[in-house]
Amino acid sequence: MQLSQKNQKLALAAAAGVAAMLVIRRKLRTKIRAAFDIGSGEHKLVVAAVHGTSVKVLHSEVSTVLLAQDLTRPGGDGALSAGALRASKEALNDLAERAAAQGAQAKAGVATAVFRRARNGEQHLKKCSDALALNLRIVPQSTEGELGFLTACAAAGREVACAWDSGGGSFQLSARVGGGGGLGGG
């Protein structure tokens, strides 16, 4: 059966519309994501079902790992001790297993102050991130402040005047400055 040129264009447009709808539907599927906050005193995990802008927390967990305390131990050499590294690795392994048990399809996270300061912090984080496929990265203190501010706004359900984040190895105070999109703090 031969379609007229007008009907061919209509059929092509309809096929393109169906294809676009399938792509959009695929992109809007619910994904299970795991977020890690690897701090100086605690390693944290949140697993959530994310669908568009909707987020439903499925699991959250905190593991105490006193890395900042270890880094400042008397007689320390600016590196995390073998015991602290082992405790961190075990905590990350446990959290990664929990994320997998929850069905996490994507995993990512940030590491903070102690990893910026310790001579062996970056190496330890890379080794664990690669071994467990966690996609972890060390962030600067300014980014810590921004994340703290955005988290406070999300938790409050509105923009907040300022936010502070007091962790085991650093402190950030952040606020929107100049009425624009920028954040200030440190």
* Asked: Between a first residue in the range 63-77 that is touching a residue at least 12 places away in the same chain (Cβ under 8 Å) and farther than 10 Å from Val114 by Cβ and a second residue that is open to solvent by 30 Å² or more (accessible area, probe 1.4 Å) and acidic (Asp, Glu), which pairs have beta carbons less than 7 Å apart while being 6 or more apart in sequence or on different chains?
  -> Ser63/Glu42; Ser63/Asp94; Thr64/Glu42
* To do: Considering only residues that are surrounded by 15 or more Cβ atoms within 10 Å (Cβ to Cβ) and not small (Gly, Ala, Ser), look in the range 67-81 and name the one that is nearest to the chain's Cα centre (by Cα).
  => Leu67
* Asked: Any residue at all in the range 52-61 that is open to solvent by less than 80 Å² (accessible area, probe 1.4 Å), of a type in the set (S, T, N, Q) and at pLDDT below 90?
  -> yes
* Select, from Ser170, Ser88, Ser142, Ser166, the only residue that is modelled with pLDDT of 95 or more and among the hydroxyl-bearing types (Ser, Thr, Tyr). => Ser88
* Return the pairs, sorted by first residue and then second, in which the second residue is open to solvent by less than 10 Å² (accessible area, probe 1.4 Å), the first residue lies in the range 29-45 and is assigned to a loop (DSSP other than H, G, I, E, B), the beta carbons are less than 6 Å apart, and the residues are 6+ apart or on different chains. => Ser40/Leu67; Ser40/Ala113; Ser40/Val114
* Asked: Only one of Ala100, Ala84 is free of Cβ contacts under 8 Å to residues at least 24 places away in the same chain and surrounded by 21 or more Cβ atoms within 10 Å (Cβ to Cβ); which?
  -> Ala84
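The values are calculated or read from the model by the stated rules, or taken from the named source; none is laboratory data. Please read all numbers here as calculations on a predicted model, not as lab measurements. Every residue, glycine as well, gets a Cβ built from its backbone with ideal geometry; the counts of neighbours run over all protein chains shown. Please note that ligands, DNA and RNA were not included when accessible areas were found on the heavy atoms of the full protein model with its side chains. Shrake-Rupley method; radii C 1.70, N 1.55, O 1.52, S 1.80 Å.
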